[in-house]
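Please read the structure below before turning to the comments.
Just so you know, all these numbers are worked out from the coordinates, no wet-lab data involved. Quick caveat, the model's predicted, so the values are computed rather than measured. Glycine gets a Cβ as well: all are built from the backbone with ideal geometry, and neighbour counts include every protein chain shown.
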Amino acid sequence: MTAAPGARRPPHPTAALILRAAEGVFPKLGYSQTTMADLAAAAGVTRPTVYAYFASKADVFRAVAESVRDDILAVQEQASGETPAETARLGVVGYLDAYVRHLGVLTVLSHQALSDPAMGRLRDEIHDRANRRHTRFIERLAAAGQARPVVPAPVLSEAVTGVVMRLAEQIAARPDRRGELAGHLAALHRTLLGL
C-alpha cells in the first residue's frame, strides 16, 4: 500500500526514538538550554546518530512540533460516536487529552514563537488546522439540522481551543481533576453546539 499524496511517512524508528525523547527534554531544559548532546543522551544514542537524522536542534524541535500537530489532527479525525453528541464529546475530550499530553512542547513552541517567525507560523498552523476541522464539523452538524450553535462556528472553535488550553494547564498541575474538567468541557461544548 502506498501513502496518499502529501501524507507524511512515519519517521525511521531511531528518529522516532529521538523525537519521543526530545518531547521530554525541550520542556524540561527549555529550547535555548537544550543541546544535541542532551537529546542524544535522553534517547540513548550518540550525538552523531542524532545528526544522522536531524541537521540541527531547530530541525529536531520542528519535527517534534509537527508530530504534536499530527497527533492533535488525528484525534479529531478519529473521533466517531454513535450520535453527533457522542462524536462531539469524543472529539473535544480527545483534543483536551492531546493538549495535556503535549503541553510542554506547546508551551516551548509559544515561547519560541515570540522571537522566531517560523515557530510562530508553526504554532498558528497547529491551532488553525485544528480549528478549521472543528469548524467544518460544526457547520456539517448545523447544515444537517443536528445542532444549533450559539455563535458562528469559527468563533465557537476558537473559544473551545482557548478553554482547552487553560484546562490542559489545570490538568497538568492536578491530574486528579482530569475526569471532572473533561466532563465540564464536554457539557460546555454540547451547550455551545446547541445539541
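Points worth noting:
- Estimated FRET transfer efficiency (Thr14, Arg129; beta-carbon r; R0 35 Å; 0.05): 0.80
- Residue list for region 66-98, given a label point 7 angstrom along the Cα-to-Cβ vector of Arg166 and an amide N cut-off under 16 Å: 96
- At least 27 Å along the helix axis (C-alpha) and Kyte average at least -1.0, DSSP helices within the chain: 57-78, 153-173
- Compactness of region 11-55 - radius of gyration and Dmax, Cα, Å: 9.5, 26
- Projected label distance in nm at Tyr51 and Ala173, using a 7 Å step from Cα toward the beta-carbon: 4.3
- A Förster radius of 25 Å combined with the Cβ-Cβ distance from Ser80 to Arg136 puts the calculated FRET efficiency at roughly 0.95.
- With viscosity 1.002 mPa s and temperature 20 °C, the Kirkwood radius over alpha carbon pairs of the chain converts through Stokes-Einstein to a diffusion coefficient of 119 µm²/s.
- Once the C-beta distance of His184 and Asp59 is scaled by a Förster radius of 45 Å, the resulting FRET efficiency is 0.70 to the nearest 0.05.
- For the chain, built as a Gaussian network whose Cα springs stay under 10 Å, the top-fluctuating residue of Leu29, Leu109, Leu39: Leu29
- Prolate/oblate/rounded call for region 33-145, Cα gyration tensor, a/c under 1.5 rounded: prolate
- Cβ-based net charge around Thr35, under 13 Å, with every Lys or Arg adding one and every Asp or Glu removing one: +2
- Shape category assigned to region 101-195 from the gyration tensor of Cα positions, a/c cut at 1.5: oblate
- Considering only alpha-carbon pairs that sit under 8 angstrom and 6 or more positions apart, the relative contact order computed for the chain is 20 percent.
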